[in-house]
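Let me begin by presenting the structure, written as structure tokens, before commenting on it.
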Amino acid sequence: MTLRTVATTPFNDQKLGTSGLRKRVPVFQQAHYLENFVQSIFDSISAPAGSTLVLGGDGRYYNREAIQIILKMAAANGYARVLVGQGGILSTPAASCVIRKYQTYGGIILSASHNPGGVDGDFGIKYNGSNGGPATETVTEAIFALTKQISQYHILDAADVNLDTIGTTQLGAMQVEVINAVNDYADLMATLFDFNQLRALLSGGFRIQFDAMHAVTGPYAQEIFVNRLGAPVNSVMNAVPLPDFGQGHPDPNLTYAHELVEIVYGENAPDFGAASDGDGDRNMILGKGFFVTPSDSLAVLAANATLVPGYKNGLAGIARSMPTSAAADRVAADLGIPCFETPTGWKFFGNLMDAGKVTLCGEESFGTGSDHIREKDGLWAVLFWLNVVAARNESVEAIVRAHWAKYGRNVYSRHDYEAIPTEAANQVIQKIYAQFPELAGKSYGRYTVATADDFSYTDPVDGSFSSKQGIRILFTDGSRIIFRLSGTGTEGATIRIYLESYEPDVAQHHLDAQDALSELIAIALELSDLKGLTGREQPTVIT
Ligand code: G1P
Ligand code: ZN
């Protein structure tokens with residue numbers, strides 16, 4: 001085995017997005033492309049000699065090849081040990097769990113989350129620090145800066161490592177330890193939730209249907225729901241992770257998890273439905289014929305947290321991303337705890353959790369989590385909901401309706417316009433910017449604009465500043481329209497329009513969100529001239 005230093009030249013497109021670097025598989029397969037990026041990670045974090053790294057991915061196409069390359073580079077860069085998920089697979093929350101449990105220096109997660117996979121699908125790579133959370137903006141910017149000036153990388157010439165058998169292999173001076181992260185993760189869940197109560201629920205006739213969408217959570221869900229909690233085997237569907245996710249789009253929402261949605265809205269429906277995404281950090285929660293918006297989910301979990309053993313002493317605070325509805329703010333106010341509003345992306349929650357300022361965090365994009373790890377966590381959210389259902393002995397729908405009756409309903413929806421030519425997307429944003437000076441005080445039907453701005457954030461822990469995090473049009477009654485460009489796509493631009501209106505009147509709570517928000521939707525389209533500038537008549541996805 002020989003150590004090699006390979007001369008290389010920079011690629012100019014390795015800027016990290018909302019969650020790591022995401023590109024099409026063929027881009028990653030170019031000679032030196034992955035290697036340049038990985039070397040830039042290693043150079044920017046300069047792990048002390050003897051450090052341990054965690055490594056794994058969501059099992060998508062190119063996962064195994066990338067892991068072999070990264071292992072050989074880790075060996076050549078002085079790591080003493082790498083913990084790899086069996087088969088090269090680790091869900092994002094399991095990676096965060098393992099980094100923390102074994103106190104490693106950090107980890108590399110290979111995933112493009114909910115983006116489709118396969119030969120021509122997407123691939124991605126992200127770095128998480130020793131707290132188990134996504135690298136902060138300071139770190140991601142340092143990595144990007146290094147990718148622009150890289151001239152060489154280090155790699156060990158060696159045979160591939162067996163990733164399928166639990167145990168330790170020597171790779172040069174480094175040890176590769178293949179671990180069963182499913183057990184590590186399930187053990188952590190057992191410390192947070194009342195597994196006895198859950199076992200009684202799931203083996204007692206309460207029917208759940210969990211859709212792993214042929215992505216990473218299948219084995220985790222089987223271990224937890226079937227093996228440990230006694231649910232029938234067919235409670236978990238699409239449970240075998242596939243490199244192309246069965247040609248599906250592993251994003252747990254009403255559009256892409258339609259197979260599950262049909263079951264839960266169909267005849268003889270189960271009592272509870274849930275799905276998770278490609279890498280296991282997102283969740284969708286459904287009751288019998290009932291959809292829980294992720295913003296409501298965060299608020300309901302916060303309001304019921306003391307029913308769950310891991311949170312029985314209450315919450316330090318709550319954080320939500322700016323576009324997420326203010327439903328959680330109402331719960332925080334009621335509980336007398338702080339609520340933080342951060343930019344989009346889980347990386348902004350890490351400092352708040354590390355500092356003990358918040359316990360629960362959530363994003364409207366089907367992300368919910370807590371300080372048990374430093375990533376959002378799909379199965380954790382499902383278990384939390386089941387624990388609340390068991391403790392209250394009420395249906396999902398009844399719990400949400402009671403919540404709305406107490407706090408009012410923050411009616412919410414997001415409209416995505418995907419794969420828009422970048423120039424047209426920028427024109428839409430510019431069009432709204434240009435109106436900023438005249439918007440305040442302007443009325444549209446029953447809505448009057450209070451302020452319009454571009455969201456910026458100063459991290460209360462380390463003082464770092466992030467600007468241009470989304471346009472906010474705030475109305476006097478608390479309603480909001482937000483425009484943002486996605487930072488996770490790999491083709492053109494995606495415009496996201498987030499719509500929220502507060503409805504205190506219980507008599508209106510039965511309304512469909514799209515109907516209740518129709519006026520705001522019309523205002524958003526008028527303000528942005530989105531149809532005129534992009535030629536799009538309809539959103540691609542509505543959540
Ligand atoms: C999207 C979501 C965001 C989430 C991220 C990673 O990012 O909107 O909330 O943190 O995926 O799952 P976006 O494409 O909007 O930049
Ligand atoms: Zn994800």
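The values are calculated or read from the model by the stated rules, or taken from the named source; none is laboratory data. Note that the coordinates shown come from a computational prediction; the quantities given were computed from them, not determined experimentally. Note that each Cβ is placed from the backbone with ideal geometry, even for glycine, and that neighbours are counted across all protein chains shown.
For the structure I just gave you, tell me whether A200 is small (G, A, S), outside any loop (DSSP other than H, G, I, E, B) and either within 16 Å of ligand 1 (Cβ to nearest atom) or surrounded by fewer than 22 Cβ atoms within 10 Å (Cβ to Cβ) (or both).
yes
Here is a yes/no grid of residues against (1) within 16 Å of ligand 2 (Cβ to nearest atom); (2) surrounded by 24 or more Cβ atoms within 10 Å (Cβ to Cβ):
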| site | (1), (2) |
| --- | --- |
| N12 | no, no |
| L16 | yes, yes |
| F28 | no, no |
| F37 | no, yes |
| S40 | no, yes |
| T52 | no, no |
| E65 | no, no |
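Scan the range 351-382 residue by residue and report those that are within 16 Å of ligand 2 (Cβ to nearest atom) and small (G, A, S). It would help to see each step written out before you state the result.
Start the filter on the range 351-382 by keeping residues that are within 16 Å of ligand 2 (Cβ to nearest atom), which leaves 361-369, 373-382.
Once the filter is applied, which keeps residues that are within 16 Å of ligand 2 (Cβ to nearest atom) and small (G, A, S), the range 351-382 yields G362, S365, G367, G369, G378, A381.
Among the residues of the range 310-339, which ones are in contact with a helix residue (DSSP H, G or I) (Cβ under 6 Å, 6 or more places away or on another chain) and closer than 19 Å to Y498 by Cβ?
Once the filter is applied, which keeps residues that are in contact with a helix residue (DSSP H, G or I) (Cβ under 6 Å, 6 or more places away or on another chain) and closer than 19 Å to Y498 by Cβ, the range 310-339 yields I318, A319, R320, T324, S325, A327, A328, R330, C339.
Of the numbered conditions (1) more than 17 Å from the chain's Cα centre (by Cα); (2) away from ligand 2 (no atom under 16 Å from the Cβ); (3) buried (at least 18 other Cβ atoms within 10 Å of the Cβ), G248 satisfies every one except a single condition; which is it?
Unmet condition: (2).
So which residues in the range 312-323 are surrounded by 22 or more Cβ atoms within 10 Å (Cβ to Cβ) and either more than 16 Å from ligand 2 (Cβ to nearest atom) or more than 21 Å from P93 (Cα to Cα) (or both)?
First pass over the range 312-323, keeping only residues surrounded by 22 or more Cβ atoms within 10 Å (Cβ to Cβ): 318-321, 323.
Answer for the range 312-323, where residues must be surrounded by 22 or more Cβ atoms within 10 Å (Cβ to Cβ) and either more than 16 Å from ligand 2 (Cβ to nearest atom) or more than 21 Å from P93 (Cα to Cα) (or both): I318, A319, R320, P323.
Would you confirm whether any residue within the range 477-486 is within 16 Å of ligand 2 (Cβ to nearest atom) and either part of a strand (DSSP E or B) or out of contact with any Asp or Glu (no Cβ under 6 Å at 6 or more places or on another chain) (or both)? Let's see the steps before the verdict.
Kept after step one, since they are within 16 Å of ligand 2 (Cβ to nearest atom), are these residues of the range 477-486: 486.
Now narrow it down to the ones that are either part of a strand (DSSP E or B) or out of contact with any Asp or Glu (no Cβ under 6 Å at 6 or more places or on another chain) (or both): 486.
Yes: one or more hits.
Within 16 Å of ligand 1 (Cβ to nearest atom), touching a Gly at 6+ places or on another chain (Cβ under 6 Å), hydrophobic (A, V, I, L, M, F, W, C) and in contact (Cβ under 8 Å) with a residue 12 or more places away in the chain - does that describe any residue in the range 297-316? Steps first, please.
Taking the range 297-316 and keeping what is within 16 Å of ligand 1 (Cβ to nearest atom), we get 297-298.
Imposing the further condition that a residue be touching a Gly at 6+ places or on another chain (Cβ under 6 Å) reduces the set to 298.
Okay, now just the ones that are also hydrophobic (A, V, I, L, M, F, W, C), so 298.
If we keep only those that are in contact (Cβ under 8 Å) with a residue 12 or more places away in the chain too, we end up with 298.
Yes, the range 297-316 contains at least one residue that is within 16 Å of ligand 1 (Cβ to nearest atom), touching a Gly at 6+ places or on another chain (Cβ under 6 Å), hydrophobic (A, V, I, L, M, F, W, C) and in contact (Cβ under 8 Å) with a residue 12 or more places away in the chain.
When the residues of the range 159-197 are filtered to those that are among the hydroxyl-bearing types (S, T, Y) and not in a helix (DSSP H, G or I), which remaining residue is surrounded by the most Cβ atoms within 10 Å (Cβ to Cβ)? Don't jump to the end; show me each part of the working.
Looking only at the range 159-197, we keep the residues that are among the hydroxyl-bearing types (S, T, Y), and these are 165, 168-169, 185, 191.
Next cut, not in a helix (DSSP H, G or I) only: 165, 168-169.
Details: T165: 9, T168: 10, T169: 16.
Among those that are among the hydroxyl-bearing types (S, T, Y) and not in a helix (DSSP H, G or I), it is T169.
Given I285, I337, which one is free of Cβ contacts under 8 Å to residues at least 60 places away in the same chain and surrounded by 18 or more Cβ atoms within 10 Å (Cβ to Cβ)?
On the way: I285 fails: free of Cβ contacts under 8 Å to residues at least 60 places away in the same chain.
The match here is I337.
Among the residues of the range 90-126, what is the count of those that are within 14 Å of ligand 2 (Cβ to nearest atom), of a type outside the set (D, E, K, R) and buried (at least 22 other Cβ atoms within 10 Å of the Cβ)?
Residues of the range 90-126 that are within 14 Å of ligand 2 (Cβ to nearest atom), as a first pass: 90-96, 109-117, 122-126.
Subsequent filtering for residues that are of a type outside the set (D, E, K, R) retains 90-96, 109-117, 123-125.
Applying the additional criterion that residues be buried (at least 22 other Cβ atoms within 10 Å of the Cβ) yields 90-96, 109-115, 117, 123-125.
Total satisfying the criteria: 18.
Going through V161, V178 one at a time, which residue ends up being under 30 Å from V226 (Cα atoms) and over 22 Å from the mean Cα position of the chain (by Cα)?
Sole residue among the options that is under 30 Å from V226 (Cα atoms) and over 22 Å from the mean Cα position of the chain (by Cα): V178.
What number of residues within the range 1-45 are within 16 Å of ligand 1 (Cβ to nearest atom) and on the phi > 0 side of the Ramachandran plot?
Total meeting the criteria: 1.
If you scan the range 448-469, which residues turn out to be at positive phi and at pLDDT 95 or above? Lay out the reasoning, then the answer.
At the first step, the residues of the range 448-469 found to be at positive phi are 463, 468.
Passing the criteria: none in range.
Collect the residues in the range 265-282 that are away from ligand 2 (no atom under 16 Å from the Cβ) and buried (at least 24 other Cβ atoms within 10 Å of the Cβ), keeping them in residue-number order.
Narrowing the range 265-282 to residues away from ligand 2 (no atom under 16 Å from the Cβ): 265-273.
Listed by number, the residues that qualify are F272, G273.
Of the residues that make up the range 305-324, is at least one among the charged types (D, E, K, R), touching a Cys at 6+ places or on another chain (Cβ under 8 Å) and either over 30 Å from N351 (Cα atoms) or outside any helix (DSSP H, G or I) (or both)?
Quick first cut of the range 305-324, residues among the charged types (D, E, K, R) only: 312, 320.
Those left that are additionally touching a Cys at 6+ places or on another chain (Cβ under 8 Å): 320.
Next cut, either over 30 Å from N351 (Cα atoms) or outside any helix (DSSP H, G or I) (or both) only: 320.
Checking the range 305-324: at least one residue is among the charged types (D, E, K, R), touching a Cys at 6+ places or on another chain (Cβ under 8 Å) and either over 30 Å from N351 (Cα atoms) or outside any helix (DSSP H, G or I) (or both).
Sort out which residues of the range 376-430 are part of a helix (DSSP H, G or I), buried (at least 24 other Cβ atoms within 10 Å of the Cβ) and touching a His at 6+ places or on another chain (Cβ under 9 Å), and write them in order of number.
Selection gives W380 alone.
Let me spell it out: the conditions are (1) surrounded by fewer than 16 Cβ atoms within 10 Å (Cβ to Cβ); (2) at pLDDT 95 or above, and R480 meets all of them except one. Which number is the exception?
Of the numbered conditions (1) surrounded by fewer than 16 Cβ atoms within 10 Å (Cβ to Cβ); (2) at pLDDT 95 or above, the odd one out for R480 is (1).
In the range 106-120, what count of residues is obtained for those that are touching a residue at least 60 places away in the same chain (Cβ under 8 Å) and away from ligand 1 (no atom under 16 Å from the Cβ)? Working first, answer last.
Taking the range 106-120 and keeping what is touching a residue at least 60 places away in the same chain (Cβ under 8 Å), we get 106, 108-109, 111-120.
Those left that are additionally away from ligand 1 (no atom under 16 Å from the Cβ): 106, 108, 118-120.
Qualifying residue count, the range 106-120: 5.
Kindly indicate the residue of the range 509-543 that is touching an Asp or Glu at 6+ places or on another chain (Cβ under 7 Å) and of a type outside the set (D, E, K, R) and also surrounded by the fewest Cβ atoms within 10 Å (Cβ to Cβ) among those meeting that condition. I'd like the intermediate steps shown before the answer.
Initial filter on the range 509-543 (touching an Asp or Glu at 6+ places or on another chain (Cβ under 7 Å)): 509, 516, 531, 539-541.
Then drop every residue that is not of a type outside the set (D, E, K, R), which leaves 509, 516, 539-541.
Details: H509: 16, A516: 19, P539: 18, T540: 14, V541: 17.
The qualifying residue surrounded by the fewest Cβ atoms within 10 Å (Cβ to Cβ) is T540.
Name the residues in the range 491-508 that are within 16 Å of ligand 1 (Cβ to nearest atom) and either assigned to a helix (DSSP H, G or I) or surrounded by fewer than 17 Cβ atoms within 10 Å (Cβ to Cβ) (or both), would you?
Of the range 491-508, the ones within 16 Å of ligand 1 (Cβ to nearest atom) are 491-500.
The answer is E491, G492.
In the range 431-461, what residues are part of a loop (DSSP other than H, G, I, E, B), in contact (Cβ under 8 Å) with a residue 60 or more places away in the chain and more than 25 Å from E137 (Cα to Cα)?
Once the filter is applied, which keeps residues that are part of a loop (DSSP other than H, G, I, E, B), in contact (Cβ under 8 Å) with a residue 60 or more places away in the chain and more than 25 Å from E137 (Cα to Cα), the range 431-461 yields G445, R446.
Looking at the range 317-356, which of the residues that are closer than 21 Å to S19 by Cβ and among the charged types (D, E, K, R) is farthest from ligand 1 (Cβ to nearest atom)?
D354
Restricted to the range 31-82, and to residues that are part of a helix (DSSP H, G or I) and among the basic types (K, R), which residue is farthest from L163 (Cα to Cα)?
Going through the qualifying residues, I end up with K72.
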